[in-house]
Amino acid sequence: NVNGIPASATGWKQQQINQWLKEERVGIALLAETNTHWPSLPEGQHWNNRMRQVASKGYYSVAAYNENRARPIALCSQYGGCVATILNSVAHRAKSFGRDPTKLGRWAYVRIQGKKFAMPASDDQVRKASNASRSRFSRDLVVVAAYRPNPPGTGESTVWAQHRSFFRSQGRQREPREAFMVDLLRAITQWRDEGCEVILGVDANEDISSTKSSSFRQRLRDVGMEEAILQRHPGRTAATQHRNKRSKPIDGIFTTSGVAV
């Protein structure tokens with residue numbers, strides 16, 4: 001969670017992000033809560049323009065924001081949104097990209113082509129995603145950046161309020177946090193049915209160490225995803241944002257079983 005991307009490509013936070021991407025030689029960056037209405041930014045200030053300063057060997061990015069709400073051109077700030085970026089050598093394997101189909105900016109993803117294999121006769125999951133005439137398939141990797149709304153607060157500009165307004169305009173009485181879960185789980189299931197592995201970087205706005213049956217973590221487990229950091233370090237948990245005073249992690253990296261951690 002970056003808690004906002006600056007409007008200017010030369011802003012101090014953007015420079016910090018750029019430095020981190022370079023020094024750590026990041027290949028995949030999944031950023032949540034970008035808080036930016038990208039069309040309102042001046043020419044040359046969009047995310048792709050900024051990545052040109054970082055990735056000398058190529059990049060592939062997709063930024064998601066709420067496209068259903070018009071913004072005055074002078075206002076580039078909009079709560080919510082996320083960015084999925086792959087850099088340098090990883091970018092050369094980019095296959096496709098996409099966003100939350102509701103256009104609310106709840107998630108963004110890039111599909112990366114994996115190694116090609118002969119189609120195993122017993123792999124029904126892959127067979128469903130392949131034409132009968134195909135003898136080979138690639139086990140692709142989908143990397144997803146996602147932002148789940150906070151519980152309802154005050155004001156009409158909060159992410160929860162934006163989503164509620166959209167669903168009501170569609171004649172649908174959906175609770176935004178639950179709608180996020182249902183729709184994201186459906187998307188993950190579809191990618192899995194297509195034979196993909198998935199990495200999800202998410203701000204869940206919920207304690208992701210909880211294993212209650214209704215918890216975020218357990219519902220991701222139900223579709224075959226584990227929280228990679230907690231799985232590798234199962235001891236005492238810590239907050240994942242400096243403003244979080246409760247020592248409860250609300251951001252996580254979830255992976256399917258085929259992703260080595």
> What residue, of Ala29, Ala55, is surrounded by 15 or more Cβ atoms within 10 Å (Cβ to Cβ), at pLDDT below 95 and under 19 Å from Arg111 (Cα atoms)?
Replying inline: Ala55
> Which condition does Ile17 not pass, out of (1) over 21 Å from Arg106 (Cβ atoms); (2) in contact (Cβ under 8 Å) with a residue 60 or more places away in the chain, if it passes all the others?
Replying inline: (2)
> If the Cβ limit is 9 Å and pairs must be 6+ apart or interchain, which residue in segment 201-219 that is over 22 Å from Tyr109 (Cα atoms) pairs with which residue that is of a type in the set (A, V, I, L, M, F, W, C) and not in a loop (DSSP other than H, G, I, E, B)?
Replying inline: Asp207/Phe216; Ser209/Leu230; Ser210/Phe216
>> Condition first: modelled with pLDDT under 75, more than 22 Å from the chain's Cα centre (by Cα) and not in a strand (DSSP E or B). Can you find one or more residues in segment 105-119 that meet it?
In response: yes
> How many residues does segment 133-161 hold that are farther than 17 Å from Asp203 by Cα and modelled with pLDDT of 90 or more?
Replying inline: 4
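The values are calculated or read from the model by the stated rules, or taken from the named source; none is laboratory data. From a predicted model like this one, the values you see are computed outputs, not experimental measurements. Glycine gets a Cβ as well: all are built from the backbone with ideal geometry, and neighbour counts include every protein chain shown.
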